[in-house]
Structures are given as C-alpha cells and as structure tokens.
1. Could you state the angle between the C-alpha long axis of helix 36-49 and the longest principal axis of the C-alpha atoms of the chain, as a value from 0 to 90 degrees rounded to the nearest 10?
2. How about residue 296: which aspartates and glutamates have a C-alpha closer than 12 Å to its C-alpha, ignoring those fewer than 8 places off in the same chain?
3. Below 8 Å between Cα atoms, with a sequence gap of 6+, how large is the relative contact order for the chain in percent?
4. Rounded to the nearest 10 degrees, what's the angle between the helix 210-228 long axis and the longest principal axis of the chain, both from Cα atoms, 0 to 90?
5. Say each of residue 330 and residue 185 gets a label point 7 Å from the Cα, pointing the same way as Cα to Cβ; how far apart are those two points in nm?
6. Enumerate the residues in segment 313-330 having an amide nitrogen under 12 Å from the point lying 7 Å beyond the Cα of residue 21 toward its Cβ.
7. Classify segment 36-280 from the C-alpha gyration tensor, please: rounded if a/c falls under 1.5, else prolate or oblate depending on whether a/b exceeds b/c.
8. Quick one: net charge around residue 354, please, counting Lys, Arg +1 and Asp, Glu -1 for every other residue with C-beta under 12 Å from its C-beta.
Amino acid sequence: MKDEIFYYQDKSLYCEDVPVEKIAAEVGTPFYCYSSAYLEGRFKAYHQAFGDKRHLICFAVKANSNLAVLHTLSSLGAGADIVSGGELFRAIKAGIPSERIVYSGVGKTEAEMAYALQQGILMFNVESHQEMQVLEETAKLLDKTARISIRVNPDVDAKTHPYISTGLKKNKFGLSMDQAIELYREAAGSRWLEVTGISFHIGSQILETEPFINALEKIQGIIHELSSSGIKLSYMDLGGGLGISYGNEVPPEPEDYVSATLKLASGMDQAIIIEPGRSICGNSGILVTKLLYTKKNSLKNFYVVDAAMNDLGRPSLYDAFHEIRPVSEKDNELTTVDVVGPICETGDFLARDRELPRMNRGDLLAVMSAGAYGFTMSSNYNSRPRVAEVMVRGTRFEVVRERETFNDLVRGEKIPDWEENGS
Ligand code: LLP
C-alpha cells in the first residue's frame with residue numbers, strides 16, 4: 001500500500017490496495033467507500049497522543065454510523081457519543097460496551113432515556129433543567145441511577161460555519177456556567193442522579209486549537225468551584241469538533257490537539273473524554289459516482305452524475321467544498337464545470353465552477369473527504385434508494401450496507417382502505 005490511502009497507480013484511483021474501478025464494476029454506482037486502515041490510523045493517533053493520561057475516545061456516531069465503521073473503531077477501544085435511541089441501538093449492535101457510551105443532545109425523550117438507563121451507559125450529557133428532572137423521574141421509575149454530566153456552553157467562538165457552531169451563548173446547546181453550577185448542586189442531592197462529569201462541545205470543523213483551550217480553561221474554573229463545595233467529577237468531556245482538510249485547510253493533527261489539551265489538563269484528576277467524528281472518518285471515505293451526461297449552455301458546462309444532494313448534502317447545505325477526482329486519471333485538457341445530480345432543484349450540486357478534465361459519459365468520479373456526514377445525512381428525496389457502502393481492508397473489500405431497493409422505499413407505507421369501506 002502507498003503512503004496515501006487514496007492514490008493513483010497506472011492512472012487508476014485506489015483505496016488502499018483496491019482499484020476503485022473494480023469496486024464500481026461489482027457494486028454499481030453511486031457508492032461510499034471507506035478505508036479501514038485510515039479509520040484505524042486516526043483512532044490510534046488520538047489514543048497514543050494521550051500517553052498514560054486516563055481517557056476515553058467516544059466516536060461521534062452521527063458522523064458515520066455504519067456498523068462496520070463502528071465495529072472497526074470499537075475493536076480498538078473506542079466508545080461512542082450518541083444523540084438518539086437509534087444511535088444507541090447501532091452502537092450496541094456494533095459491539096461498543098455500554099460503559100463506553102455517552103449520550104449528548106438537547107432533546108432526549110423519556111423513552112430514549114429509559115433505553116439508555118437500561119443499557120447502563122456511562123453518562124448523559126444533560127442540557128437543561130427540565131431534561132434533568134425528566135431523567136431523574138425516569139431513573140426513579142426504573143430504579144436505576146443516571147450518571148450525568150452537565151453540558152456547559154462556554155460562550156467561545158469556534159470560528160466555523162454558523163450552522164455547526166454550538167458553543168456561543170445564542171446557540172441552543174448547553175447551559176451557562178452559572179446555570180450549570182446550580183444544576184450540579186441540585187443533582188448532588190438526588191438519590192437517582194450521580195454527578196459524574198462535565199462536558200462541552202463548541203462546534204465542528206474547527207481549524208485551530210485555541211477555541212478548545214479557551215473552553216477548557218472556563219470548564220476548569222467550574223470544576224474547581226464545584227470541588228471546593230464538595231462536588232467531585234470523574235470525567236471531563238471536551239466534545240468533538242476538530243476539523244479536517246477538504247482541500248486547502250491545514251487543521252491541527254489529533255496529536256497537536258491532544259497535546260494542547262494535556263498541557264492544561266494532564267495534572268487534573270478527571271479522565272478526559274473526547275467525541276471526535278469528522279477528524280476520524282472524514283478523510284476515510286469517498287463517494288463514487290458515474291458521469292451520466294455532459295451538457296452545456298451559453299454560460300456553463302455541466303457534468304450530470306448519478307449521485308445527488310440526497311446522497312451527499314454538504315455542498316447544498318453548507319456550500320461545502322469537496323474535492324472531485326476522476327477515478328481514471330485523464331491527461332485531457334481541463335474545463336470548468338458544475339457537477340450536478342439528477343434531483344429537480346438548482347441546489348442539487350456537488351461542485352460548482354470546478355476545473356476538471358474533459359470526461360465522457362460513463363466515466364467515474366470520486367467525491368473526496370466524504371466519510372463524515374455523507375451517508376448519515378443522506379435521504380430518499382426524489383425516491384432515490386440510498387446508495388451502497390463499501391469498506392476496504394488491504395486488498396479486500398466488502399459491501400457493508402447494501403444499496404436500497406425500490407421495495408425499501410415503500411417499506412411501512414400503506415394505502416388506506418377508506419374507499420373500500422365506504423366511510
Ligand atoms: N459531540 C457533539 C455533542 C456533537 O454535536 C458533534 C457534532 C460531535 C461531537 C462531533 O463533531 P465532529 O468531531 O464531527 O466535528 N453535518 C455537519 C456537522 C454537524 C456536527 C454536529 N455535531 C457537517 O456536515 O459539517
């Protein structure tokens with residue numbers, strides 16, 4: 001295998017030791033393709049950077065929830081950061097032990113809380129007073145103890161896209177430092193709640209360590225204050241959010257991020273939890289799509305491909321940039337094109353005004369850096385079956401999620417028999 005996970009050999013794009021064309025020939029297009037070696041490498045980079053500091057890496061399941069991805073990480077010791085009952089179900093199915101699962105999110109339902117309590121997860125990251133009350137009642141009903149951390153909103157600017165910034169006062173997430181301290185005092189007196197940790201998560205695709213450090217400093221203040229009033233915490237959950245390169249960005253490496261946090265936190269009693277998603281799986285994956293038609297008008301050239309905004313929503317939603325490479329390297333002259341899908345909206349594009357070689361009907365394209373928030377945000381819009389997912393390991397590959405069928409599209413639907421009954 002080459003140094004890079006995705007590289008060209010004899011003008012053909014490879015994932016690890018498998019030509020992407022070979023997968024396309026067997027699986028059809030479009031499909032997501034993930035490298036297990038990349039996932040493992042990124043997880044280990046985080047893990048090793050902690051040295052002997054007690055830590056738990058809870059992979060953010062929302063970034064990529066395929067069971068094969070979760071299992072690959074869990075077998076290396078990963079836990080999971082979940083935000084729904086469905087994610088808990090997946091994490092458990094993939095073999096992630098419940099004592100390595102933390103539950104984030106502003107809107108946990110009672111049923112989800114009960115499920116997580118029954119599974120015995122490590123802790124709930126509580127985001128409001130009402131949520132804490134409901135959790136306490138639910139725990140009482142089940143005769144269980146809910147381990148909690150309070151999610152603090154440290155009011156720091158993560159300097160990222162406004163839709164994925166979460167640590168500002170105006171965002172819906174977490175509680176102010178004062179509110180948090182009040183909640184801790186209340187929780188400490190409850191028979192059904194066990195104060196376990198403190199957490200924050202300030203945003204996603206963050207390209208500097210400084211916002212994390214600012215948040216950590218604020219959280220340390222709370223930990224000291226709580227400790228002086230006799231409330232001791234076992235865990236400090238720093239959330240996720242480290243960015244990746246989609247092209248020109250130069251993000252801190254996991255090692256840089258961990259060592260920056262350890263500078264502040266290595267001497268503290270609390271074990272550190274982190275919840276990375278994108279920085280583990282983002283560059284592990286590509287979306288492979290086929291060129292259906294080329295067309296041009298007086299203003300623009302279009303490559304109409306068989307993947308669309310329902311398969312990869314990030315360009316349409318966030319105007320996100322994803323590099324696009326031909327699967328079979330071309331020496332043809334470059335041309336400026338919009339790469340668009342078959343969906344009936346102008347917002348359906350994967351790239352706009354992009355320089356790509358001249359290509360023909362049937363050629364394959366790889367949308368890079370698609371391993372995070374790609375498949376997990378996909379939908380059936382325009383009644384398009386969700387695409388297949390493939391995982392590569394060395395010279396082998398396996399379909400880890402089958403392409404949906406038309407029957408999958410209508411599963412659970414029914415036509416009411418009102419007319420037949422005459423009512
Ligand atoms: N922990 C919590 C509580 C989160 O809300 C998130 C992401 C993470 C961890 C993982 O963050 P990461 O390490 O992946 O940055 N759909 C958007 C990203 C939304 C992120 C939401 N929260 C995108 O495609 O860019």
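Bear in mind that the values in this text are calculations on the coordinates, not laboratory data. Only a predicted model underlies this, so the values are computations on that prediction, with no experimental measurement involved. In this analysis, Cβ positions are derived from the backbone assuming ideal geometry, glycine residues included, and neighbour counts consider all displayed protein chains.
1. Tilt of helix 36-49: around 30 degrees.
2. List returned: 338.
3. Values: 938 pairs, mean separation 81.6, N = 423.
Over the chain, the number comes to 19 percent.
4. On a 0 to 90 degree scale, this one is about 20.
5. Distance between the two pseudo-spin positions: 6.8 nm.
6. Those under the cut-off are 327-330.
7. oblate
8. Working: positive: 300, 325, 352; negative: 323, 338, 353, 355.
Within the 12 Å Cβ shell, the charges total -1.
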